[in-house]
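Right, one structure below, let's go through it.
The values are calculated or read from the model by the stated rules, or taken from the named source; none is laboratory data. Bear in mind that the values here come from a model prediction, so they are computed numbers and not experimental data. Cβ atoms come from the backbone with ideal geometry, glycine included; neighbour counts cover every protein chain shown. The area values use the complete protein model at the heavy-atom level, side chains included, leaving out ligands, DNA and RNA. Shrake-Rupley method; radii C 1.70, N 1.55, O 1.52, S 1.80 Å.
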Amino acid sequence: MVSKHITPDSEERVQYTHPQSIRLRTAGEFRRCYDIGDRSGDAHLLLVAAASDQGCVRAGVSVSKRHGNAVRRNRRKRLLREAFRLCQHCLPALDFVLVPRQNDRSALRDYQQSLVSLAAQLAKRIDPTQPPDT
C-alpha cells in the first residue's frame with residue numbers, strides 16, 4: 001500500500017508514510033508472527049517474519065526492558081519505525097516484527113541495512129518460488 005503523489009509534470013513521487021494499515025498492532029498479530037514466523041538476525045536486529053494475510057508489508061516493533069528505561073526504549077522504537085518507513089517500498093509483502101539487539105551503537109542506517117538484507121533472506125525461506133520485492 002504505497003501512497004503516491006503525481007506532480008503536474010506527471011512525475012511520480014513516492015510518499016514515505018507510516019499509516020496504521022501497515023502496522024502490527026494487536027497482541028494476536030504479534031503472536032501469529034512469533035508462532036508461525038521464521039527468524040533471522042544480525043548484530044543490530046532480529047527480524048521475525050510471517051506470510052501476510054493482508055497482501056502488503058506490515059511491521060511491528062518489540063523492545064524489551066533490557067534495553068533500558070522508557071526514554072531509551074522509545075528512542076529505539078522510533079529508530080526502528082523510521083527505518084521501516086524509509087525501507088517499506090523495497091521489502092517483500094510479509095508481516096515483520098522488529099526486535100533490536102542490545103547494541104547501543106546501532107544507528108538508523110544500521111537498522112535500514114539490516115532490515116533490507118534480513119527481509120530478503122526471510123522472503124527466500126518463506127516463499128522460495130517468489131523473488132523478494134526489491
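Computed from phi, the 3J(HN,Hα) profile of region 35-44 under the Karplus parametrisation 6.51, -1.76, 1.60 (θ = phi - 60°) reads 6, 9, x, 10, 10, 8, x, 9, 5, 10 Hz, with x in place of Gly and Pro. Rolled with a 1.4 Å probe across the full set of protein chains, the surface gives SER117 an accessible area near 50 Å². Distances between placed amide hydrogens fall under 5 Å for ARG58 paired with LEU94, ASP95, PHE96, all partners being 5 or more residues away or on another chain. Amide H contacts of LEU46: VAL99, ARG101, each under 5 Å away and 5 or more positions distant or on a separate chain (H built 1.01 Å from N in the peptide plane; Pro and chain starts excluded). Shown in residue order for region 111-123 are the 3J(HN,Hα) couplings computed by the Karplus curve 6.51 cos²θ - 1.76 cosθ + 1.60 at θ = phi - 60°: 5, 4, 4, 5, 4, 5, 5, 5, 5, 5, 4, 5, 4 Hz (x for Gly and Pro).
Net charge of the neighbourhood of HIS44, taken over other residues with C-beta under 12 Å away and scored Lys/Arg +1, Asp/Glu -1, is +1.
Under a 5 Å amide H cut-off, with hydrogens placed 1.01 Å from N, SER106 pairs with nothing among residues at least 5 apart or on other chains.
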